[in-house]
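Taking it in order: structure first as structure tokens, then the write-up.
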Ligand SMILES: NC(=O)c1ccc[n+]([C@@H]2O[C@H](COP(=O)([O-])OP(=O)(O)OC[C@H]3O[C@@H](n4cnc5c(N)ncnc54)[C@H](O)[C@@H]3O)[C@@H](O)[C@H]2O)c1
Ligand SMILES: [Zn+2]
């Protein structure tokens with residue numbers, strides 16, 4: 001078991017290990033006194049893990065209830081959010097009560113935003129069950145719901161009280177959700193950690209799960225501690241994402257986030273090599289590793305189509321766009337260019 005301390009505006013620990021659902025009650029009770037605790041989860045995750053978590057929490061003295069939403073991004077909206085708030089209010093949850101998010105990033109983001117706003121803030125615990133949620137969404141305090149105009153447009157920065165990553169939960173992940181999360185893991189390797197990248201490169205699907213999750217969480221911790229509110233180096237986490245968001249939009253979200261990010265990382269790396277910023281070896285290595293995890297590496301969309309989608313990207317600031325460019329495996333830089341130059345830059349990689 002590993003414990004990683006995150007020193008954000010609110011300090012908390014990320015605990016990573018096996019069997020943590022069974023000891024969740026003990027862990028949480030070190031930080032939150034027995035109270036009413038509502039578990040937010042989705043219908044798929046509930047079937048696998050809800051009873052186990054409830055047992056552990058009940059044994060530690062919590063009065064436990066659950067709010068179960070349909071699985072999938074469609075649930076991360078204002079009406080589910082309002083439904084959850086109304087449930088808490090009509091069941092008499094007070095400021096000393098707490099919430100727990102059991103599931104992937106959808107449940108985590110929705111629970112976090114509800115916790116940030118219900119009674120102007122109640123405590124919440126993240127219990128991520130997808131790789132993406134373990135290495136990315138559960139750490140760092142970004143919470144949100146989607147609006148019709150776009151994803152994550154309504155949210156808050158609000159750190160959890162504790163994050164419990166039970167590695168055993170990954171065993172029930174469908175292969176496509178597993179691969180999606182691995183795209184983010186590979187991203188961490190490219191932007192920050194050549195050792196992590198090499199470990200995945202050498203071991204492919206037989207990688208050491210706990211080591212990989214710990215390493216990614218530690219990178220995210222470091223980045224969040226240095227730029228909690230996303231005005232600087234936190235943007236490194238967007239490697240592959242500007243192009244990736246374009247691919248998601250153009251495909252009407254038919255191409256998953258992880259697949260789109262994989263293609264985005266490939267396009268930016270090729271463009272970087274074309275501009276002599278990184279070596280051709282980076283392209284080959286990235287290509288090999290993405291293939292090993294069944295992630296795509298190319299797209300039918302043109303640079304011009306992709307550039308049009310960037311015009312409405314929320315990461316765009318004052319006519320400029322900040323790209324994350326790999327210099328070598330394990331090292332990346334931010335490069336801000338006028339939005340008008342974006343098409344030309346990515347054309348070298350499409
Ligand atoms: N807050 C942040 O910093 C941040 C960062 C990245 C992504 N996100 C958000 O995260 C969301 C995506 O998260 P996600 O990929 O985890 O999606 P998700 O929460 O929709 O989970 C994917 C699917 O896997 C199922 N599932 C979850 N855990 C399972 C398990 N252990 N076994 C079997 N099935 C399981 C879920 O029911 C769901 O159908 C997006 O809404 C995105 O905007 C947030
Ligand atoms: Zn992502």
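The values are calculated or read from the model by the stated rules, or taken from the named source; none is laboratory data. Please read all numbers here as calculations on a predicted model, not as lab measurements. For neighbour counting, all protein chains shown are included, and Cβ atoms are generated from backbone atoms with ideal geometry for every residue, glycine included.
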Worksheet item: Which of the residues belonging to the range 11-43 are within 14 Å of ligand 1 (Cβ to nearest atom) and without any contact (Cβ under 8 Å) to a residue 40 or more places away in the chain?
Response: 43
Item to complete: Any chance you could count how many residues in the range 167-191 are out of contact with any strand residue (DSSP E or B) (no Cβ under 7 Å at 6 or more places or on another chain) and surrounded by 23 or more Cβ atoms within 10 Å (Cβ to Cβ)?
Response: 11
Worksheet item: With (1) closer than 28 Å to residue 270 by Cβ; (2) within 15 Å of ligand 2 (Cβ to nearest atom); (3) touching a residue at least 40 places away in the same chain (Cβ under 8 Å) as the list, and residue 204 as the residue in question, which single condition is left unmet?
Response: (2)
Worksheet item: If you scan the range 179-201, which residues turn out to be closer than 19 Å to residue 222 by Cβ and either within 16 Å of ligand 2 (Cβ to nearest atom) or not in a helix (DSSP H, G or I) (or both)?
Response: 184, 185, 186, 187, 188, 189, 190, 191, 192, 193
Worksheet item: Within the range 115-178, which strands (runs of 3 or more DSSP E) (wholly inside it) include 1 or more residues that are at pLDDT below 95, more than 12 Å from the chain's Cα centre (by Cα) and more than 10 Å from ligand 1 (Cβ to nearest atom)?
Response: 150-157
Item to complete: Working carefully through the options 346, 321, 267, 325, find the one that is closer than 12 Å to residue 246 by Cβ, part of a strand (DSSP E or B) and in contact with a helix residue (DSSP H, G or I) (Cβ under 6 Å, 6 or more places away or on another chain).
Response: 321
Worksheet item: Does residue 233 count as surrounded by fewer than 22 Cβ atoms within 10 Å (Cβ to Cβ), within 17 Å of the chain's Cα centre (by Cα) and more than 19 Å from residue 133 (Cβ to Cβ)?
Response: yes
Practice prompt. Give the residues of the range 62-80 that are closer than 25 Å to residue 96 by Cβ and within 14 Å of ligand 1 (Cβ to nearest atom), sorted by residue number.
Written response: 68, 69, 80
Worksheet item: What is the residue count in the range 112-134 for residues that are within 15 Å of residue 73 (Cβ to Cβ) and away from ligand 2 (no atom under 16 Å from the Cβ)?
Response: 1
Worksheet entry | Subset of the range 92-111 that is part of a helix (DSSP H, G or I) and closer than 14 Å to residue 46 by Cβ - its residue that is farthest from ligand 2 (Cβ to nearest atom) | 111
Discussion item. Give me the residue from the range 213-260 that is at positive phi and touching a strand residue (DSSP E or B) at 6+ places or on another chain (Cβ under 8 Å) and, out of that set, farthest from ligand 2 (Cβ to nearest atom).
Written reply: 230
Item to complete: Consider residue 48 carefully, then state whether it is within 19 Å of the chain's Cα centre (by Cα) and modelled with pLDDT of 95 or more.
Response: no
Worksheet item: Can we say residue 294 is assigned to a loop (DSSP other than H, G, I, E, B) and at pLDDT below 95?
Response: no
Worksheet item: Which residue, of 216, 278, is crowded, with 24+ Cβ neighbours inside 10 Å and either in a loop (DSSP other than H, G, I, E, B) or free of Cβ contacts under 8 Å to residues at least 12 places away in the same chain (or both)?
Response: 278
Worksheet item: Would it be correct to say that residue 89 is surrounded by fewer than 19 Cβ atoms within 10 Å (Cβ to Cβ) and more than 16 Å from ligand 2 (Cβ to nearest atom)?
Response: yes
